[in-house]
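Data first, discussion second: the structure below is written as structure tokens.
The values are calculated or read from the model by the stated rules, or taken from the named source; none is laboratory data. Note that this is a predicted model, so its numbers are computed, not measured. Counting neighbours? That spans all protein chains shown, and the Cβs are built from the backbone with ideal geometry, glycine included.
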């Protein structure tokens, strides 16, 4: 059992300190993930904290670490998209500018530019698989798609990225 | 924000989310409730057909079933529950009726418990009334309850036996009743009453009970063998259908009057649900149709008034009137069941009293004639049978009802056409009015107390605080005369002869400015009616049950429970021929009901008996 699930189980048994460990473990990555949908860091942090608060109000049972992690990413994604939908009339769509938030450290400027030119669903699947390290199965759970759809998306996203990257560098 | 601060903020948000969730649940619940009520109230009714009774045609009770069904069948006037609810709310403003009690006497004989001594203020000589206390010359038998008498309506009762031995008086034994055969004992309002046999060897208690298995109210007759007061034993219990209304001990036996509603009966397959039953516990039998008197007027409520006679060993006679009769006055041989009513002619209404007479003679109950008199009787003391004449004092009220406006916004207003006190004298056998006296009191006065003494009737009326006592001479029905005291402060709710030539009135408002304060007043009887000779006033209220008043005219004592203004006490007064003096005060515990305290004088001592025990004082 991964440390996140173990900590959450301890929290459910009354150890409040254990929850802080979960926040330490997943908090910042979730903010970065949410930031890719939202215009500001503050909004992303807000979404992350709301998701963790919901985990306290409505406790859930997780059998392994990936289920907790998957749940948190999926919840943050849904909540971030909801937030964006609510605010898009007054706030211009800006999440595209934040795509680089989910890139691995050391990713170059060119790659960032190439990513920005991709359709959103391509960017998203690439971020989750290559940026966040989720497996295809976990990515499917987060995006609410089956494995085959994720493979197809990933395949098309890679081809598209490759094509764009090659065009930009020619 | 570091992770520690983030975690703290997350917990704060979780708290807020919990509160929001709670509010949401409440809001959703309330919305659903409103929606459910809305659906319940406004979904229109379907048509309600009259019930098919053809399958009961062979039953001996067919005519009864038809009658009950006809009365209970109400084609739905309302189109939905909302309209029905509105009708119900309107019905709350219609007023109702009153209640009662009375008893018999047996010749005292020598017994280990001493000789029976009457302590109850019986309305009719030889007809003993049940009470909380009975006694012989050696023992006091007192019926009380477990728990707080004022706040706990469902309480088991307890019979306590005390010795009558001056300062040495003490509790001899106690018998606590337990529920049996599914009956839950309860005592409320006019409650359980007790009788003591002439030899002091049998205590009979009459009480309303609720039968948990059938969900019906019935009246229980409990007998206790008290021949050895230190070892009281229970005898078989008897039941009669219906709630307890009144009882009397007559020379024929213990007379019980119960009232059984059948206004909600529509299923006649279960005969126990609509037929009166009576008999020993577990062996109750249904009353045969031949003993049920059906009324011809179907316009009133579906009730039985059941009169039964318990001879000490069994219920020897039982008869039911299919009618609602709220109270009873029992004379030597006749029983007068009565209830208030209203007569209508167009928009003109007038109050009246329906009286139904039954004869109790030779162990048999027979239904005799019915009477109707104008106006309503205040209580059973307003009826009196004397030498073949039934005298009735009523308070007449007639009015014309007019409506203005339409539909739900219409407003009814009543204009009184007649209002005042009246006295009617009826031939008991024929029901013919042989004499009457109407409007002997001022138009706005209401009857507050009546007491007949032979050929005299004493009536006190009130509306404002200065109200007269009327003395009506009935020695010559061809020439009835009425004299009054003129205006006097306050009014009496109880009148009773107080020794030779005096009349006692207990009531309120004797100080002339506060009609809520207790007043005791002695009147001297003279050629010009009665005149006030002594008045005593005190802060507080007195019980409305007449049996709670201790009146000993021969020794000059008056005793009454007084409550309110932060006090709860029993006050003993003494009339020395000139003034009413305060003789003693007995403080009552907070949980003692002042209306349940009784007192008597014996061998130079005054005994004040309450649920907390016996208080002994020296008499003058």
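Descriptive notes on the structure:
- Of the residues screened, residue B:83 is one that is in a helix (DSSP H, G or I), farther than 25 Å from residue B:274 by Cα, more than 10 Å from chain A (Cβ to nearest Cβ) and modelled with pLDDT under 85.
- Sole exception among (1) outside any helix (DSSP H, G or I); (2) touching a residue at least 12 places away in the same chain (Cβ under 8 Å) for residue B:272, by number: (1)
- So residue B:101, is it within 30 Å of residue B:335 (Cβ to Cβ), at pLDDT below 85 and either under 41 Å from the mean Cα position of the chain (by Cα) or more than 14 Å from chain A (Cβ to nearest Cβ) (or both): yes
- Looking across B:206, B:172, one residue alone is modelled with pLDDT of 85 or more and farther than 23 Å from residue B:608 by Cβ. It is B:206.
- Taking the criterion of being surrounded by fewer than 14 Cβ atoms within 10 Å (Cβ to Cβ) and in a strand (DSSP E or B), the only residue of region B:451-499 that qualifies is B:481.
- Residues in region B:362-386 that are under 16 Å from residue B:249 (Cα atoms) and touching a strand residue (DSSP E or B) at 6+ places or on another chain (Cβ under 9 Å): B:363, B:364, B:365.
- Residue B:90 being at pLDDT below 90 and either under 21 Å from the mean Cα position of the chain (by Cα) or closer than 30 Å to residue B:377 by Cβ (or both): yes
- Residue satisfying condition, being within 28 Å of residue B:173 (Cα to Cα), in contact with a strand residue (DSSP E or B) (Cβ under 9 Å, 6 or more places away or on another chain) and either assigned to a strand (DSSP E or B) or modelled with pLDDT under 90 (or both), within set B:257, B:221: B:221
- Of the residues contained in region A:57-68, one or more are found to be in a helix (DSSP H, G or I) and within 14 Å of another protein chain (Cβ to nearest Cβ).
- Within the set A:46, A:50, the sole residue that is more than 8 Å from chain B (Cβ to nearest Cβ), over 21 Å from residue A:3 (Cα atoms) and not in a loop (DSSP other than H, G, I, E, B) turns out to be A:46.
- Residue check, residue B:35 loosely packed, with under 12 Cβ neighbours inside 10 Å and either within 29 Å of residue B:83 (Cβ to Cβ) or at the interface with chain A (Cβ under 9 Å from one of its Cβ atoms) (or both): yes
- Unmet criterion (only one of (1) at pLDDT below 85; (2) closer than 19 Å to residue A:34 by Cβ) for residue A:118: (2)
- Residue in region B:1-24 that is modelled with pLDDT under 85, within 14 Å of chain A (Cβ to nearest Cβ), in contact with a helix residue (DSSP H, G or I) (Cβ under 9 Å, 6 or more places away or on another chain) and part of a helix (DSSP H, G or I) present: yes
Conditions tested, residue by residue: (1) more than 16 Å from residue B:281 (Cβ to Cβ); (2) in contact with a strand residue (DSSP E or B) (Cβ under 8 Å, 6 or more places away or on another chain).
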{"position": "B:204", "(1), (2)": "no, yes"}
{"position": "B:209", "(1), (2)": "no, yes"}
{"position": "B:217", "(1), (2)": "no, yes"}
{"position": "B:225", "(1), (2)": "yes, yes"}
{"position": "B:229", "(1), (2)": "yes, yes"}
{"position": "B:234", "(1), (2)": "no, yes"}
{"position": "B:239", "(1), (2)": "no, yes"}
{"position": "B:248", "(1), (2)": "yes, yes"}
{"position": "B:251", "(1), (2)": "yes, no"}
